[in-house]
Amino acid sequence: MARNVSPMSKKLFRLAEQFEKSGHLIRDFVRFVEEFEAIGGREGEGQMDESANVVRLMTIHQAKGLEFPIVIIPDLHREPIRREASFILDRHKGMTVRIPDGRGQTVRGALFNELRQRNRWREEFESMRLLYVAATRARDRLIFPARSPRET
């Protein structure tokens, strides 16, 4: 598996390997993923016992479908970690790669740059969607902790 692959891509690769090991062809896996996406497949919504008086720590995906009196969304000041992929796969335009130039650097073509920008927009949109989901879990209070700039 290539370095600097997103966790979601790693999960997809693992599922593809398991699918192939079970005796199916990879094209069957691709068809399965396309059908899953076509029916709007997503991770399931969370379940919760309302009578429990506890603090719950969970991912935004786990909180989907739930509501809480108070929601705290931390770390909004952090920039996402961006790793430079060695290849990009697009369902419509195919695959593009960074090519070693023999001097320790890599060369990216116009398609690579276009698909990289498209992926960044997609990631940004998904981040905004997840923030919306997280923020709408709050029934009474929504807290965005902040940090003050440090003096040097």
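Before moving on, here are some points about what is shown:
- Near-label residues of the range 80-98 by backbone N, under 17 Å of a point 7 Å along Cα→Cβ of Gln105: 98
- Whole-Hz couplings from phi, Karplus 6.51/-1.76/1.60, listed for the range 124-140; x for Gly and Pro: 5, 4, 5, 5, 5, 5, 5, 4, 4, 4, 4, 5, 7, 7, 7, 8, 10
- Taking the convex hull of the alpha carbon positions in the range 47-148 and averaging its projected area over all directions gives 10.2 nm².
- Ordered from highest to lowest accessible area with the whole protein assembly present and a 1.4 Å probe, Thr106, Thr96 read as Thr106, Thr96.
- A Förster distance of 25 Å, applied to the separation of the beta-carbon atoms of Ala138 and Glu79, puts the FRET efficiency at 0.55.
- Accessible-area value, Ser127, 1.4 Å probe, nucleic acids and ligands omitted, Å²: 70
- Cα Rg, Dmax, the range 77-125, angstrom units: 12.3, 39
- Virtual spin-label span in nm between Phe125 and Asp28, 7 Å along Cα→Cβ: 3.3
The values are calculated or read from the model by the stated rules, or taken from the named source; none is laboratory data. Bear in mind the structure is a predicted one, so any value in this text is a computation, not a measurement. Neighbour counts are summed over all protein chains in view; Cβ atoms, including those assigned to glycine, are modelled from backbone coordinates with ideal geometry. Ligands, DNA and RNA are stripped out before the accessible areas are found, and what is left, the full protein with its side chains, is counted by its heavy atoms. Shrake-Rupley method; radii C 1.70, N 1.55, O 1.52, S 1.80 Å.
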